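Engineer: Quick one: the structure is below, and I'll ask about it shortly.
Bear in mind these aren't lab numbers, they're just calculated from the coordinates by the rules spelled out. Keep in mind the model is a prediction, meaning the values are calculated, not measured. We place every Cβ from the backbone using ideal geometry, glycine too, and count neighbours over all the protein chains shown.
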Amino acid sequence: MPRQTERLPLVTAAPGSRQELIVHHYGTADARPKAYLQASLHADETPGMLVQHHLMGLLEAAEADFAIRGEILLVPYANPIGLAQQVNARLVGRYDMAGGGNFNRNWPDLFGPVAEKLEGRLGPDAESNVALIRSAMTAHIDGLKAGTPLDSLRLALARLAADADIVLDLHCDDDALMHLFLVPAHWPQGADLAAELGCRAVMLSADSGGASFDETFSTPWTKLAERFPEAAIPPACFSGTVELRGQADVSDDLAEKDAKALFRFLQRRGVVAGDPGPLPEPSCEATPLEGCEAIKAPATGVLSYETHLGDEIRKGQVIAYLVDPTAADPKHARRAITSSTDGLLLSRRAHKFVFPGFSVAKVVGTEPLPHLIGGSLLED
């Protein structure tokens, strides 16, 4: 059937204003597999919006050829609140300026309430369990009330994604290579997505500690399986965060390439008919998120990088120099910033003037770092 477009109004914060989500529906409602893709939950991370634009063109052609077997939901911008936040002609879309914090943190818990509802109701039939769990998740979300625009945004997006087989949240880093975040239960199952996108890193964590959007739909399944070991509960929602390089990596060439990769992934997963062709050779192996060191600036200053994205870094190697522009003696103005682990230089900071504690770079190693084990693994 032809694409259907839905407009979902959010709770309004000011008289005379209106904000809404746009949702494009492809395929047949309730058909399986169901895939949900959203872009720019961090509203100043633009690459995903252009990727969705190109993916729409591919899906329109597939729809015209009756090739969509399942159901696909595209949300071309997932955060109209953030898109409206401009300061001095600069889009500021990572945090809710009304006080709600990071837009990709503190999403609703679907494990605890669902576990209570399903006590004694799950059994050996995995298919029946999946249906029960999805129904319970949707019912719980429907029972929540939105008191603020941010609440209404979270609940609207959660309702769309809660019963999906595939959930992809399209983000980007500051200045970075393509990478992917997944839970361990979805590896090596997710190797096809990583290979199609040409990911240079795939980082795994059972619970990163931030209650991010993607983990809202992936971790409940693994936690329920632990809570009810006698029941057959598969990790039925393949949910991950795709980091589409850096904020400045916005072009038709890149977006078309990424959209085609996502389209082939949907073909491999049976959502769209057709032959995706041979799977590209992978560009990385998965590593624990606890092995990714976020190197911080020790003081205020100007960054001068000694390394480039994709470099293999050794422990103790100088990543960058921090230059104190106020120093009276230039001989004593430079401070080396070094890595405390071996690994791939995955990301750098685009804006080179930094304050103490600002992230300077991420180095992806293969071994968990002791100071990260058991703590929150996400930068706010």
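Engineer: Could you calculate the FRET efficiency of THR366 with ALA333 from 1/(1 + (r/R0)^6), where r is the beta carbon distance between them and R0 is 30 Å, rounded to 0.05? Show your work: numbers first, answer last.
Structural biologist: Values: r = 35 Å, r/R0 = 1.18.
For R0 = 30 Å, the calculated efficiency reads 0.25.
Engineer: Same structure, new question: Taking the chain as a Gaussian network, Cα atoms linked when under 10 Å apart, which of GLY16, GLY291, GLY210 shows the biggest mean-square fluctuation?
Structural biologist: In the Gaussian network model the winner is GLY16.
Engineer: With unit charges on the beta carbon (Lys/Arg positive, Asp/Glu negative), name the residue among ASN88, LEU59, GLY70 whose Cα is farthest towards the positive pole of the charge dipole of the stretch 25-166.
Structural biologist: Farthest towards the positive pole: ASN88.
Engineer: Calculate the FRET efficiency for THR326 and ILE373 from the Cβ-Cβ distance with a Förster distance of 45 Å, rounded to the nearest 0.05.
Structural biologist: Taking R0 as 45 Å, the efficiency between THR326 and ILE373 is 0.75.
Engineer: Moving on. Under 19 Å between alpha carbons, and skipping anything fewer than 8 positions from LYS260 in its own chain: which aspartates and glutamates qualify?
Structural biologist: Hits, sequence-local ones excluded: GLU60, GLU63, ASP65, GLU71, ASP169, ASP192, GLU196, GLU243, ASP249, ASP252, ASP275, GLU281.
Engineer: For the chain, what proportion of DSSP beta bridges, expressed in % and rounded to the nearest 5, is antiparallel?
Structural biologist: Numbers: 42 of 66 bridges.
If I count the DSSP bridges inside the chain, around 65 percent turn out antiparallel.
Engineer: Moving on to the next point. Compute the normalised compactness of the chain: alpha-carbon radius of gyration over 2.2 N^0.38 Å, N being the residue count.
Structural biologist: With N residues counted in the chain, Rg over 2.2 N^0.38 Å equals 1.02.
Engineer: For the charge dipole of the stretch 146-229, defined by +1 on Lys and Arg C-beta atoms and -1 on Asp and Glu C-beta atoms about the Cα centroid, which residue among THR222, LEU204, VAL183 has the Cα displaced farthest towards the positive pole?
Structural biologist: Sorting the options by dipole projection puts first THR222.
Engineer: Separate question: What's the extension gain from GLU285 to ASN88 if we count 0.36 nm per residue and subtract their Cα-Cα distance?
Structural biologist: Between GLU285 and ASN88, full extension yields 66.7 nm more.
Engineer: Another question about this same structure. Using a simple charge model, +1 on the beta-carbon of Lys and Arg, -1 on the beta-carbon of Asp and Glu, nothing else, what dipole does the chain show about its Cα centre, in debye to the nearest 20? Each step should come with its number before you reach the end.
Structural biologist: Values: 34 positive and 50 negative charges, 141 e Å.
Result for the chain is approximately 680 debye, rounded to the nearest 20.
Engineer: Separate question: Determine which aspartates and glutamates satisfy two conditions relative to LYS352: a Cα distance under 14 Å, and not lying fewer than 8 residues away in the same chain.
Structural biologist: Partners within reach: ASP174, ASP175, GLU306, ASP324.
Engineer: Give me the extension gain from ASP207 to ASP174: residue separation times 0.36 nm, minus the current Cα-Cα distance, reported in nm with one decimal. List each step's numbers first, then the result.
Structural biologist: Working: separation 33, 0.36 × 33 = 11.88 nm, distance 2.30 nm.
Extra length from ASP207 to ASP174 when fully extended: 9.6 nm.
Engineer: OK, next. Enumerate the calculated ³J(HN,Hα) couplings along the stretch 187-194 in order (Karplus 6.51 cos²θ - 1.76 cosθ + 1.60, θ = phi - 60°), each rounded to whole Hz, writing x wherever the residue is Gly or Pro.
Structural biologist: These are the phi-based 3J(HN,Hα) values: 10, x, 3, x, 5, 5, 5, 4 Hz.
Engineer: Positive end of the dipole of the stretch 290-371, charges at C-beta (+1 Lys, Arg; -1 Asp, Glu), about the Cα centre: which of LEU309, LEU369, PRO298 has its Cα farthest in that direction?
Structural biologist: Result: PRO298.
Engineer: Then there is this: Round to the nearest 0.05 the FRET efficiency obtained for ALA64 and ALA248 when R0 = 41 Å and r is the Cβ-Cβ distance.
Structural biologist: 0.75
Engineer: Separate question: Report relative contact order for the chain in percent, whole number only (criteria: Cα-Cα under 8 Å, sequence separation at least 6). Numbers along the way, then the final one.
Structural biologist: Details: 837 pairs, mean separation 66.2, N = 380.
Contact order relative to length: 17 percent.
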